[in-house]
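The values are calculated or read from the model by the stated rules, or taken from the named source; none is laboratory data. Quick caveat, the model's predicted, so the values are computed rather than measured. Quick reminder, even Gly has a Cβ in these numbers, built from the backbone with ideal geometry, and neighbours come from all protein chains shown. To get the accessible areas, we keep the full protein, side chains included, count just its heavy atoms, and leave off ligands, DNA and RNA. Shrake-Rupley method; radii C 1.70, N 1.55, O 1.52, S 1.80 Å.
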Amino acid sequence: MVSPAAPSTKKRLDLLDPAEVARLGGLELITQGIVEGFLTGLHRSPRRGFFIEFAEHRMYQPGDELRYLDWRLLGRSDRLYVKQFEEETNLRSMLVLDTSRSMDWSGAPDRRLTKLAYAERLVAALALVLLRQRDATGLLTFAETVRKVVPPRARHTQWQLLLQELAGTGPGEGTAAEPALRRVVERLRRRGLVVFVSDLLFDPPLALNALRFLRHRGHQVLVLHILDPEEVELHGPAEARYEDPETRQAVILRPADWAEAYARTVQRVISEWRVACRKRGILHERITTDTPFGLALRQALVRSTRLA
Amino acid sequence: MIGFTAPWALVGLAAATIPLLLHLFARREPPTLVFPATRYLAETARAHHRRLTLQHWLLLLVRTLLIAALAFAAAGPTIPSGGVASHAPRALALILDNSPSSGATVQGTPVLDDLRGAVRDILGAAHPDDALWLMTADGTLRRGTSAELLAVVERLPVSSNRLDLGMAITTGRETLESQQLPASIVLVSDLQASAVSSAPLPPGIPLVVIRPEPRAVPNLGIAGLAPGRQPWGPEGGRVTVSIAGDPERRAALSVRFGPRAPRQQLVQGGASISIASGPLAPGWWVVRGELESDELRADDVRLGAVRVMPPARAACRAEDRFLAVACEVLLANGRLVRGNDVSIGWLGPAASIVQPPDDRAGQGALNRALAARGIPWSYGDPVPGAGVSDSGPVLGRHPVERRLALNGPSAGGRRDVLLTVNGAPWLVRSGNVLLLGSRLDPGWTELPLSADFVPFLDFLANRAVRGELTMLDAAPGDAVTLPASATAVTQGANAQPVQGVDLFRPSAPGVFYILAGRDTIGVLAVNPDPRESALARTSDAAARRLWNGARVVGPAEGREATFVAGGRADLRGWMLGLALMLALADASLASRGRKSRTRA
């Protein structure tokens, strides 16, 4: 396997155009490159950075990194102890990915990834970051039904397993977010992190209730709202018949006439999602598919407690 | 009032319907785009439908107005502007209608004085830089300074000439079309209805009509003085006098034959009366009809001329059947007397009306006899093909089946020709001999079968063979065609040579004698055009309709209207400015969505 470090030494993959990055290699390769670049950009050790709160000492065992030795305690007691942090092994993360038909769309197929392709790479990168800090990380994909569930694990092979599932997941048809989130509730018995990646093109009330329920169960919930730039700004020919790929609902209009009002509607919908999430203690991040993965990861993680 | 320099461009207004037509008929099935966020579009459409629909119709309106504004700009709209004192240099064609009707007196003042005052005002306000023309009823267009033209106007009398206002306007327009200055035509007239005729007016040359305030002018005039068939015999004849004017109005008419005491009669408008002359001595008699004076003097007098002489002493032959019958009719009516002074149908010893011989074998002998009489004309070969007599004062058009060529002298022969068929001589006169190209027989011509035959023979026997060819009526200024043999026209002691002149144009009423050498061959009675007697006026509205865009004002407003009409503000700039504003509004409306999107 080619090391992803090679491209990252010259270019920070996390800061490149997502479509350009996707052309560099497979999901695993480019995700490693993205994560390496992302972690380098933080200017500190990822492990040190991920350790939130000191919990206890334990005896040093061969294989432990020397930098976690408590040198002060060694000087006083002449014994080798390493520091243990509270969150280090407790966090269980569940990445929930919307694979509905609406996600499999790009406003500029030759220049931009589909929302689904973008979300897959983002989810893979998130999983790698989380697994590197030894968080048990799982995956749930859904469309009109729950499609695949990978239980949270912190094994070394977990990421490869997640990548296999992501790579084998094509687009589904409809969107049934609420049952998927209910399934997450069932899977995450302990407090953990739930990252919900979706274009949120469904009726919000049920999904919001499920998200709130997750929050009540003590989970930290992060909603990554994936949008194609063409969905934010309306473009098109002089007149067009716009058709929803899931519901087949159609609207005929002239984009030039309706662009302003449409942009306001989209901003309002995003704002409503943000407000609704904030009220429920849920983090909401809007990410467009032209956002470099590094910036998207930063958006996703900096505000979460795992990087705070 | 708004005018247009290129009104044909207003056709472009039809293009203003294009946005609406496109909206109604050019709709097509739009392409289908897969768009996941369609739910947002549907929601947007529900929320903003009314506003955007309004915006759409507003855009349609703006585009329609934009095209209309451009079409108007292309048509070159103009409106009156500027003032009298500070008017820009311009070319003015002033038409002063001093025709006979302008001599009518209204409330003690001749109409011409009012018209003259209006012209005086205009010329007084003219600048040295203005190009000025003055046209009067005599048809002459005079170029001059305001002072020069003012002098002409001040001494201008009422003319005897009728002025056709449409033709005068056309003349003015043709004169001004070559001018670089802004031009206008000013017609100062009483707008007599009978003088009004249409005239095309280009949009760049406005017409101002200045007319006196309309007032009813009662008038009686002599419209006609007809002496009937001539010559009269010594027993005299009757003249028929036609009276024009108000049927309710009555006046005394006197008719005088030469120096004799006048015969008087009470007449009213529309009447036609006959007055007998009584016995008259042979010779030319001037007949003068005169009405009592009224508001229009020009038509109160009318002149005519009568020829009095004994009927010709003529002989006809029984073998010329149709000639013999016509002669009997003339004899029975006293137009001919049996005798040998005029031989009708053959070459006699004295005056003769000669027709081709029935048998061509006699043609040589006839030609030799003509030559022996010193007649330079002879009969030639038959002319192939039928023909038609050319219409003229002597005879109308009649088919001619057979005819012989009339061969005449190469020099001066044209003056002898009285009638032609297909352009070739058919009736010629040489001395006291008339030669006909065809026999007066239905086998040669249909003339003997027509009603014109007897009067034609009367003319030949009583006048043509004597060399008295014509009795003409005309109005002053008319172009009169004189007989080819005429050498001079006399009126009293004045003699005007006319040899080689085809047209004679009398300038004043009167009786003119037409001479050929020392012989009087005709008379021309010149009287005012009878249409001048009808003083009814054209309404202002009718004048505006007839002369599209004309401004009709009274004498007091004439000066201002003249110079305001001459200076018109060009609205093209305003229209283009409006079009630009509409284009900006269109761009603003059309791009509102795009701008907002960029801000977002």
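For chain B, what is the mean residue ellipticity at 222 nm derived from helices alone (per DSSP H run of n ≥ 4: -39500 (n - 2.57); sum divided by total residues; nearest 500 deg cm²/dmol)? Per the formula, -8500 deg cm²/dmol. Each Lys or Arg adds one and each Asp or Glu takes one away; over the other residues whose Cβ falls under 12 Å from the Cβ of B:Arg288, this sums to +2.
FRET efficiency for the B:Ala276 to B:Asp113 pair, using the beta carbon distance and R₀ = 41 Å, is estimated at 0.50. What whole number of Å gives the distance from the Cα centroid of the range A:238-308 to the Cα centroid of the range B:231-258? Cα centres, the range B:231-258 to the range A:238-308: 109 Å. Fully extending the segment from B:Arg155 to B:Ala371 would add 71.8 nm, taking 0.36 nm per residue of separation and subtracting the current Cα-Cα distance. Spin-label pair B:Ser588-B:Asp358: with each label point 7 Å from Cα along the Cα-Cβ axis, the two points sit 10.4 nm from one another.
Determine which residues of the range B:268-311 fall in the zone a paramagnetic label at B:Ala495 would reach in this model, i.e. backbone nitrogen under 18 Å from the point 7 Å along Cα→Cβ. Counting only backbone N, you get B:284.
Sorting check: for B:120-133, B:90-103, which peptide has the highest mean count of neighbouring beta carbons within 10 Å, and how do the rest follow?
Details: B:120-133: 18.4, B:90-103: 26.8.
Averaged packing, sorted descending, gives the order B:90-103, B:120-133.
What net charge is computed for the residues neighbouring B:Val196, neighbours being all others with C-beta under 10 Å from the C-beta of B:Val196, Lys and Arg scored +1, Asp and Glu -1? For residues surrounding B:Val196, the net value is 0. A 1.4 Å probe run over the range B:312-464, with the rest of the protein chains in place, finds 44 Å² accessible per residue. Label zone of B:Glu213 (point 7 Å out along Cα→Cβ, amide N under 17 Å): in the range B:100-142 this covers B:105-118.
Segment B:Ala479..B:Leu141, full-extension length gain: 119.9 nm, with 0.36 nm per residue of separation and the alpha-carbon distance subtracted. Shielding by partners for peptide B:43-56, expressed as the average number of C-beta atoms from other protein chains within 10 Å of each residue's C-beta, is 4. Cβ distances below 4.7 Å define possible disulfide partners, and in the protein assembly as shown the cysteines left without one are A:Cys277. What shape does the protein assembly as shown take by its C-alpha gyration tensor, where a ≥ b ≥ c are the square roots of the eigenvalues and a/c under 1.5 counts as rounded, a/b above b/c as prolate, and the rest as oblate? It is prolate, given that a/c is not under 1.5 and a/b is the larger ratio.
Using the Cβ-Cβ distance between B:Glu29 and B:Ser197 with R0 set to 51 Å, the FRET efficiency works out to roughly 0.25.
Near A:Cys277: Cβ cut-off under 10 Å, other residues only, Lys/Arg at +1 and Asp/Glu at -1. The net charge is +4. For the range B:276-285, the Karplus equation 6.51 cos²θ - 1.76 cosθ + 1.60, evaluated at θ = phi - 60°, returns couplings of 7, 8, x, x, 10, 6, x, x, 8, 10 Hz by residue, with Gly and Pro reported as x. Counting 0.36 nm for each residue step from A:Glu186 to A:Lys83 and taking away their Cα separation leaves a gain of 33.8 nm. Over the whole of A:249-258, what's the average partner chain Cβ count within 10 Å per residue? Rounded to a whole number, please. The shielding value for this peptide is 6. Summary of the geometry: the range B:128-155 and the range B:467-488, compared by the centres of their Cα atoms, lie 32 Å apart. The angle separating the long axis of helix B:363-372 from the principal Cα axis of greatest extent in chain B is about 80 degrees. Here the contact order of chain B, divided by its residue count and restricted to Cα pairs under 8 Å and six or more residues apart, works out to 17 percent. Buried accessible surface for the A/B pair, both sides summed and rounded to the nearest 100, is 3400 Å² with a 1.4 Å probe. One Cα centroid belongs to the range B:265-293, the other to the range B:531-546; the line between them spans 31 Å.
On the accessible surface of the range B:312-464, probed at 1.4 Å, how many percent belong to carbon and sulfur atoms? Using a 1.4 Å probe with all protein chains present, the range B:312-464 comes out at 51 percent carbon and sulfur.
In this rough spin-label picture, where each label sits 7 Å from Cα along the Cβ direction, the B:Leu20-B:Trp284 distance is 7.4 nm. A simple spin-label model places pseudo-atoms 7 Å from Cα toward Cβ; at B:His127 and B:Ala405 they are separated by 7.0 nm.
For chain B, the longest principal axis of the C-alpha atoms and the axis of helix B:321-332 are separated by about 80°. Under 18 Å from the 7 Å Cα→Cβ point of B:Val325, by amide nitrogen: which residues of the range B:344-365? In the range B:344-365, the label zone of B:Val325 (backbone N under 18 Å from the point 7 Å along Cα→Cβ) covers B:345. Per residue of B:574-582, other chain Cβ atoms within 10 Å of the residue Cβ number 0 on average.
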